[in-house]
Amino acid sequence: MNMELILILIHRLIPGARILEASNGREVLDLLKQHRVHLILMDVQMPVMSGIEATMAIRDLESGSGVHIPIVALTAGAHKEERDACLSSGMDEFLPKPVSSRELLEVLMKFLEGFELVDEEVLEFLIRSNEDTTHFNVKDLMERISYNEELMEKVIHSVSFQMSGILDQLASGLEDEGVVKEVSHTIKGLSLNMGFERLAAMAREMENKARGELKVKQLLMESMYAEWLTIRDILSEME
């Protein structure tokens, strides 16, 4: 889910690009056995096998072959320790979430020399002065997608379709610590990408309280639902 915005940006920057998706590190390794890959955008926190573990396995497989696939870390954490761990595992670059289109373009230009990249068209976009940036930081999102109105519409439509289902998944798994951590992390990353500041903070709190009392998580869940309804109303007004 957190890759939605990134996938849209890649398709716009490299028309016709073929993108292979994996939900965990083990699937990444399986895909590499079947396809030739020019660049890997590796989510650091994945189930089954983490991004760091997958990277180390890939570098072991490449050893002595003369092959080196560029691997770029994607993570919601921006601490120096995490950056160092990613680079030490064999990753080539580090991008903190939310990823801006400019940062992504720089990475693509660095590692995909020879591919024809399309510069993004910067469109004038008027942001209503009374927009509540606590619920939805529209300006922050638009800066990351280079003020592209068409892309904005696609992103809003995609997230509106997905978020309710993700919240329902979290609500139904509140008694499972693993589910709470994984789904809360997904909501946090997606919210950070979209500029849903308050919802991201709630998801972070839920992730931290994965082992906490059920009553506390239920109360926080109700707040997350209420916040999403507010955000959804804001998004509806923009359509």
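The values are calculated or read from the model by the stated rules, or taken from the named source; none is laboratory data. The shown structure was predicted, so the numbers you read here are calculated from the model rather than taken from an experiment. Heads up, the Cβs are rebuilt from the backbone with ideal geometry, glycines too, and the neighbour counts pull from every protein chain shown.
Tell me, which residue of the range 1-39 that is basic (Lys, Arg), part of a helix (DSSP H, G or I) and modelled with pLDDT of 90 or more is surrounded by the most Cβ atoms within 10 Å (Cβ to Cβ)? If you could, list the steps in order and put the result at the bottom.
Within the range 1-39, the subset basic (Lys, Arg) is 12, 18, 26, 33, 36.
With part of a helix (DSSP H, G or I) added as a condition, the list becomes 12, 26, 33.
Then keep just the ones that are modelled with pLDDT of 90 or more; that gives 26, 33.
Numbers: ARG26: 16, LYS33: 7.
For the range 1-39, the residue satisfying everything is ARG26.
Part of a helix (DSSP H, G or I), among the acidic types (Asp, Glu) and outside the structural domain of MET46 (by TED's automatic domain parsing) - does that describe any residue in the range 209-217? Break it down stepwise before answering.
In the first step, residues of the range 209-217 are kept if they are part of a helix (DSSP H, G or I); the result is 214-217.
Now restrict to residues that are among the acidic types (Asp, Glu): none.
No, the conditions are met nowhere in the range 209-217.
Please list, ordered by first then second residue, the pairs with beta carbon atoms under 8 Å, 6 or more apart or interchain, first in the range 23-41 and farther than 19 Å from ILE10 by Cα, second outside any loop (DSSP other than H, G, I, E, B) and among the β-branched types (Val, Ile, Thr).
LEU29/ILE58; LEU32/ILE58
Hey, any hits in the range 222-234 for a residue that's modelled with pLDDT of 90 or more, of a type in the set (A, V, I, L, M), assigned to a helix (DSSP H, G or I) and farther than 26 Å from LYS154 by Cβ?
No, every residue in the range 222-234 fails to be modelled with pLDDT of 90 or more, of a type in the set (A, V, I, L, M), assigned to a helix (DSSP H, G or I) and farther than 26 Å from LYS154 by Cβ.
Table: residues versus (1) in contact with a strand residue (DSSP E or B) (Cβ under 7 Å, 6 or more places away or on another chain); (2) within 22 Å of MET194 (Cβ to Cβ); (3) not basic (Lys, Arg).
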site: SER23; (1), (2), (3): no, yes, yes
site: LEU31; (1), (2), (3): no, no, yes
site: HIS38; (1), (2), (3): no, no, yes
site: MET49; (1), (2), (3): no, no, yes
site: ASP84; (1), (2), (3): no, no, yes
site: SER89; (1), (2), (3): no, no, yes
site: VAL107; (1), (2), (3): yes, yes, yes
site: LYS110; (1), (2), (3): no, no, no
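With the structure loaded, tell me whether MET42 is part of a strand (DSSP E or B), surrounded by 14 or more Cβ atoms within 10 Å (Cβ to Cβ) and modelled with pLDDT of 85 or more or whether it fails that test. Reasoning before the result, please.
On the way: part of a strand (DSSP E or B): yes; surrounded by 14 or more Cβ atoms within 10 Å (Cβ to Cβ): yes; modelled with pLDDT of 85 or more: yes.
Here the answer is yes, as MET42 does meet what is asked.
Across the range 194-208, what is the total count of residues that are free of Cβ contacts under 8 Å to residues at least 24 places away in the same chain and surrounded by fewer than 19 Cβ atoms within 10 Å (Cβ to Cβ)? Reasoning before the result, please.
Just the residues of the range 194-208 that are free of Cβ contacts under 8 Å to residues at least 24 places away in the same chain, to begin with: 200-201, 203-205, 208.
Keeping just the survivors that are surrounded by fewer than 19 Cβ atoms within 10 Å (Cβ to Cβ) gives 201, 204-205, 208.
Counting residues in the range 194-208 that are free of Cβ contacts under 8 Å to residues at least 24 places away in the same chain and surrounded by fewer than 19 Cβ atoms within 10 Å (Cβ to Cβ) gives 4.
Among the numbered conditions (1) crowded, with 17+ Cβ neighbours inside 10 Å; (2) modelled with pLDDT of 90 or more; (3) not in a strand (DSSP E or B), tell me where VAL72 comes up short.
(3)
Could you give me the residue pairs with C-beta distances under 7 Å whose first residue belongs to the range 57-68 and is assigned by TED's automatic domain parsing to the domain that holds ILE40, whose second residue is exposed (fewer than 14 other Cβ atoms within 10 Å of the Cβ) and in a loop (DSSP other than H, G, I, E, B) wherever it lies, and which are 6+ apart or on separate chains?
GLU62/HIS68
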